[in-house]
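A.B. asks: Next up is a structure, given as structure tokens.
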Amino acid sequence: MKTSRRNFIQQTALFTSVFTLGFDWFESKGAAMAIANEPGRFNAFLSIDSTGKIRLYSPNPEIGQGIKTAFPVVVAEELDVDWKQVEVLQANLDTQNFERQLTGGSGALKHSWERLRKAGATVRQMMMQAAANQWKVDSSTCKTSQGFVLGPSGQKASYGSLATEAAKITVPSTVTYKDRKDYKIIGTRVRGVDNRAIVTGKPVFGIDIRKPDMVFAQIVRPPFGATLKSFSADDVKKMPGIIDVVSFKNKVAIVGTSTYEIMQARQNLTCSYVSDAPLESNETHQAWFDAGMKSDKAIVQRKDGDFAKAISEAAKVIEATYECPFISHSPMEPMNFFADVKPGSVLLAGPTQVPQPAQKAVATLLGVPENTIQVELTKMGGGFGRRLSNDFALEAAELSSIIKKPVLVMWTREDDMGGGTYRPAVRYHFKAGIDANGNITAFYLRGVGLNAGNSTRQDNFPAGAIDHVLIESVDQKSAVTTGPWRAPITNFLGFAEQAFIDEVAEAAGKDPIQLRLDLLARVKSNPVGKITYEPDRFAEVIRQVAEKSQWKKKPGVHQGFSVYYSHFSYVAQVAEVQVKNGKPQVTHVTAVTDCGEVINLSGAENQVKGAIIDGMGHAMFAKLNIQAGVTSPTNFNAYRMIRGNEVPKIDAYFVDNGISPTGLGEPALPPTGGSIANAIYAATKKRFYKQPFY
Amino acid sequence: MAITLTINRKKVSLDIDSNTPLLWALRDHVGLLGTKFGCGIAQCGACTVWVNGEPMRSCVLPISAVGNAQITTIEGLDPAGKHPVQEAWDELDVPQCGYCQAGQIMTAAALLKKNPHPSKQEIVDGMAGNICRCGTYHRIQEAVALAAKKVKK
């Protein structure tokens, strides 16, 4: 594979012996890259110094998705070095040299695959050229292996010994990538680069930040929809360890020297709140769902054919309503963030999925230039979308600017669960029409969401396979703050769609797998409207999961099927339920995933299994109540998280097709609720229409 | 009034409120940050440490109740960080985000100390008190079994 020269620009560095190469996205920025100051830094992603030290820089925030390991694997593969010899470093926010330095949308590998390969392959080629010059041979007669260039007559030179000369080489006009059959690292099981730090308890998370003169703070936030009227902090300030109590933006911050002292003092704080409108409760939300379902102001998201006519002519009509509550992200590490606002410079540090927007938002908040704000990235104790919001970073910056001290704002679990940016609550209503032959002729979906935006994904399968489709959404504004939650919208919509199609298959008298395959064949031969998925890849994961799960070939085992396309990846699942002591128990889930090239098999399995457990746990147990703007429960004693004794066996398989990699942090979650609910139905004839199931 | 604790075989004197939970004493006053805060109400296990070799939830254990007991944290589990459980955790690539793993490891190591040859069900039951939001449960269970094999050798 070749790539053209115009994708590269060459930039001279301040150090004469060092060249840096940037990718085309740097071109517009013009200025020399800051990293050019580092001898041996060949490009944003890697440095090789003359002692042979190879450092790979991983730019994206690590949240547990394994990107800090997967990105360097790609670079190391194309650079052709021994994985054991490389050191991987987390890059801080660096808008000059990196692009899309964020964690969200399962998009990192899809975006960066080519860039990472280029970063490695280009330097490999420069090493070969440097060696060829030294040996006075043509570089095409040289090869590389494990960090060495090998010459035609048995010459051998390490990358380290060539680094200084290689840095002077003109950036190659074309680079050659490895053939995937020659991969030594990609596709193998690579251990997480931070495993040793984790198992020995090294301070790598935001909550572990300690800076000179740093103080701690906790913030009391108002109920959703309420305004802080007054507060009494006299009894708080008297408490030991308390430095200050300040208020900003409806919040009261207690600043102190230690976490426990702040927690104690906080109990003495009294706040009174007012609100213009009645504060929201579960009942409010139910009434809004009812109204949204009747509303004549729905936005049409997709329209194929004439749904109204087709449904009136259908031999059979199936209808169902599905509903999910607000749920919390509940990462194990509660929100926290560090800020040190000084005249002329701001340091932000902590767990955020989106460091650049944090920089921008803080710049706006404080009225300071973006380039005076440094953002250090820490490892994140999970996030699941919660750390996309940056409310915690803004609070920390604002508080630091008020108290003029470096501060770590800590959220308790109650703060975290009670003050979330929740998965929006949504109600869906589906209708499908079937003709006399059991073919689906009409399909309708209305989603009514609370702060959900478009709560549908209008182009989702089976759209494209049915002549008459109408998809509508209604968004109801709520004071309850919401945000993306792992696989936004589809984390519940996936369940609803896949459970509904199961009902339709039953009504049509068809096997649920065959029904999907028939519909996908229809998409291939005679597609209706816009198609966003590839029917062949869709069908392949379905066929493979049917085979691997021995679909309908296991006596005494009740199976449920689902399949979902999201974040450009395809996941098919078969869940198995056995009835033990009269209770259905999910015993096994088989998943087949097509995410293109699997970079790190170990990490990929982790993502699939983790997403299935996440999807299953939240589908079965998670529910938040809202009463007068206040959330309950707010801790794990009543907000039930799935535990290790509740998880089924999971087999995760991947389609081996060598297509460029796509997302994997989220795609295995959306189909999970459906496969499990459909299996429980197979066992008990009871369908679930609401999450949580129990 | 100063309280003297024995943490990872070292005496540490702390002049703090004796009601302070051990978790916050470790994190905010001793500077041992490996033990994690998850829930504060002994539900998730992220803060698990050993007190005289017994796994305890440090978030609800006031330092006044610890007395002269030996406290072991993740940092002190093995001087070289090569406890069989730590080795197994790395080998099977258990961590995803990694935040709960110190607590998981302290629970697992205590389990194996008491029961060096646990059955599969004993491992599942023994680890059920620790929440992992990333869902690393299968590998946690496999790693405990692997660590048990390593101990046997």
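A.B. asks: Using a 10 Å cut-off around each Cβ of peptide B:27-34, what is the average number of partner chain Cβ atoms that fall inside?
C.D. replies: Mean partner-chain Cβ count within 10 Å for B:27-34: 5.
A.B. asks: Which residue, chosen from A:Ala575, A:Asn460, A:Leu377, occupies the Cα position most advanced towards the positive end of the dipole of chain A, where the dipole is computed from +1 (Lys, Arg) and -1 (Asp, Glu) charges on Cβ about the Cα centre?
C.D. replies: Comparing the listed Cα positions along the dipole, A:Ala575 ranks first.
A.B. asks: Which one of A:Val341, A:Ile489, A:Ala167 has its Cα pushed farthest toward the positive end of the charge dipole of the protein assembly as shown, where Lys and Arg give +1 and Asp and Glu give -1 at the Cβ?
C.D. replies: Farthest towards the positive pole: A:Ala167.
A.B. asks: Right, here's the next one. Scan the stretch A:295-364 for GluC sites (Glu not before Pro) in coil per DSSP, keeping those whose Cβ has at most 15 other Cβ atoms within 10 Å, and list them by number.
C.D. replies: Answer in residue order: A:Glu313.
A.B. asks: Still on this structure: Hey, what did the stretch A:589-643 get for relative contact order, percent, Cα under 8 Å, at least 6 apart?
C.D. replies: Computed over the stretch A:589-643, the figure is 30 percent.
A.B. asks: What is the dipole size for chain B, taken about its Cα centre, with +1 at each Lys and Arg Cβ and -1 at each Asp and Glu Cβ, in debye to the nearest 20?
C.D. replies: Computed about the Cα centre, the dipole is about 360 debye.
A.B. asks: Find, among the GluC sites (Glu not before Pro) in the stretch A:582-676, those assigned to loop by DSSP (not H, G, I, E, B) with at most 16 other beta-carbon atoms within 10 angstrom.
C.D. replies: In loop regions of the stretch A:582-676 (DSSP not H, G, I, E or B), there are no sparsely surrounded GluC sites (Glu not before Pro).
A.B. asks: First check a/c for the protein assembly as shown, with a ≥ b ≥ c the square roots of the eigenvalues of its C-alpha gyration tensor; if it is under 1.5, answer rounded, and if not, answer prolate when a/b is larger than b/c or oblate otherwise.
C.D. replies: Verdict is rounded for the protein assembly as shown.
A.B. asks: Same structure again: What ranking do A:Ser478, A:Ser140 get, fewest neighbouring Cβ atoms within 10 angstrom at the top?
C.D. replies: Going from least to most buried by this count: A:Ser140, A:Ser478.
A.B. asks: Restricting attention to the stretch A:134-190, which trypsin sites (Lys or Arg not before Pro) occupy a DSSP loop and are surrounded by at most 15 other Cβ atoms within 10 Å?
C.D. replies: A:Lys136, A:Lys168, A:Lys184, A:Arg189
A.B. asks: Let me ask something else. How far is helix B:101-114 tilted off the main Cα axis of chain B, in degrees rounded to 10, range 0 to 90?
C.D. replies: The helix B:101-114 is inclined about 80 degrees to chain B.
A.B. asks: What per residue convex hull volume, in Å³, do the alpha-carbon atoms of chain B yield?
C.D. replies: Cα convex hull per residue, to the nearest whole number: 100 Å³.
A.B. asks: What order do you get for B:Asp125, A:Asp234, A:Asp391 when you list them from fewest to most C-beta neighbours inside 10 Å?
C.D. replies: Fewest to most other Cβ atoms nearby, the residues stand as A:Asp234, B:Asp125, A:Asp391.
A.B. asks: If you don't mind, another one. Remind me, relative contact order of chain B in percent, using alpha carbon pairs under 8 angstrom and six or more residues apart?
C.D. replies: With pairs under 8 Å counted, the relative contact order is 24 percent.
A.B. asks: Here is a further query. Taking amide H positions as placed 1.01 Å from N in the peptide plane, with prolines and chain starts having none, which residues 5 or more places from A:Leu46, or on another chain, fall under 5 Å of its amide H?
C.D. replies: Those qualifying (amide H under 5 Å, at least 5 residues apart or on another chain) are A:Tyr57.
A.B. asks: Looking at chain B as a GNM with Cα springs under 10 Å, which of B:Leu92, B:Leu112, B:Leu26 has the largest mean-square fluctuation?
C.D. replies: B:Leu92
A.B. asks: What's the magnitude of the charge dipole for the stretch A:114-197 around its Cα centre, counting Lys and Arg as +1 and Asp and Glu as -1 at the beta-carbon? Answer in Debye, nearest 20.
C.D. replies: Dipole size: approximately 320 debye.
A.B. asks: What are the aspartates and glutamates whose alpha-carbon lies under 20 Å from the alpha-carbon of A:Lys360, with same-chain residues fewer than 8 places away excluded?
C.D. replies: The qualifying aspartates and glutamates are A:Asp94, A:Glu99, A:Asp340, A:Glu370, A:Glu376, A:Asp391, A:Glu395, A:Glu398.
A.B. asks: How many angstrom separate the Cα center of the stretch A:52-85 from the Cα center of the stretch A:571-635?
C.D. replies: Using only Cα atoms, the two centres lie 29 Å from each other.
A.B. asks: What share of the DSSP beta bridges in chain A is antiparallel, in percent to the nearest 5?
C.D. replies: 75 percent
A.B. asks: Further question: For the stretch A:126-193 and the stretch A:332-410, what is the centre-to-centre distance using only Cα atoms, to the nearest Å?
C.D. replies: Each part reduced to its Cα centre gives a spacing of 41 Å.
A.B. asks: Only counting other Cβ atoms within 10 Å, I'd like A:Phe500, A:Phe224, A:Phe492 sorted with the fewest neighbours first.
C.D. replies: Fewest-to-most ranking of A:Phe500, A:Phe224, A:Phe492: A:Phe224, A:Phe500, A:Phe492.
A.B. asks: What is chain A's relative contact order, in percent, from Cα pairs under 8 angstrom and six or more apart in sequence?
C.D. replies: Averaging sequence separation for qualifying contacts and normalising by length gives 14 percent for chain A.
A.B. asks: Let me ask another. Under 25 °C and 0.890 mPa s, how fast does the stretch B:3-76 diffuse according to Stokes-Einstein, given a Kirkwood radius computed over C-alpha pairs? Answer in µm²/s, whole number.
C.D. replies: 208 µm²/s
A.B. asks: Residue by residue through the stretch A:95-100, which ³J(HN,Hα) values in whole Hz follow from phi under the Karplus form 6.51 cos²θ - 1.76 cosθ + 1.60 (θ = phi - 60°), with glycine and proline marked x?
C.D. replies: In residue order, the calculated couplings are 6, 6, 10, 10, 10, 6 Hz.
A.B. asks: Using the Cα centre of the protein assembly as shown as the reference point, and only Cβ charges (+1 on K/R, -1 on D/E), how large is the resulting charge dipole? Debye, rounded to the nearest 20.
C.D. replies: Dipole of the protein assembly as shown, to the nearest 20 debye: 1240 debye.
A.B. asks: Check A:Ala442: other-chain or 5+ apart residues with amide H under 5 Å from its amide H, H built from backbone geometry?
C.D. replies: Under 5 Å from the amide H of A:Ala442: A:Gly433.
A.B. asks: Find the percent of Cα-Cα distances in the stretch A:484-603 that exceed 23 Å, and round it to a whole number.
C.D. replies: The share of Cα pairs beyond 23 Å in the stretch A:484-603 comes to 35 percent.
A.B. asks: Expected output is a single nm value to one decimal: the length gained when fully extending between A:Glu376 and A:Asn526, i.e. 0.36 nm times separation in residues minus the C-alpha distance. What is it?
C.D. replies: Gain in length upon complete extension: 48.8 nm.
A.B. asks: Next question, about the same structure. Which log10 I(q)/I(0) values, to two decimals, does the stretch A:97-179 give at q = 0.10, 0.19, 0.25 Å⁻¹ under the Debye formula with one point per Cα?
C.D. replies: The Cα Debye sum returns log10 ratios of -0.30, -0.81, -1.17.
A.B. asks: Taking the Cα centre of each part, how many Å lie between the stretch A:646-694 and the stretch A:472-498?
C.D. replies: 18 Å
A.B. asks: May I have the count of lysine pairs in the stretch A:504-572 with C-alpha atoms under 22 Å apart, counting pairs 8 or more residues apart or located on different chains?
C.D. replies: So the count of such lysine pairs works out to 5.
No lab work stands behind these numbers, since they all come straight from the coordinates. These numbers were taken from a predicted model, which means no experiment stands behind them. Ideal geometry is used to build each Cβ from the backbone, glycine not excepted, and the neighbour counts take in all protein chains shown.
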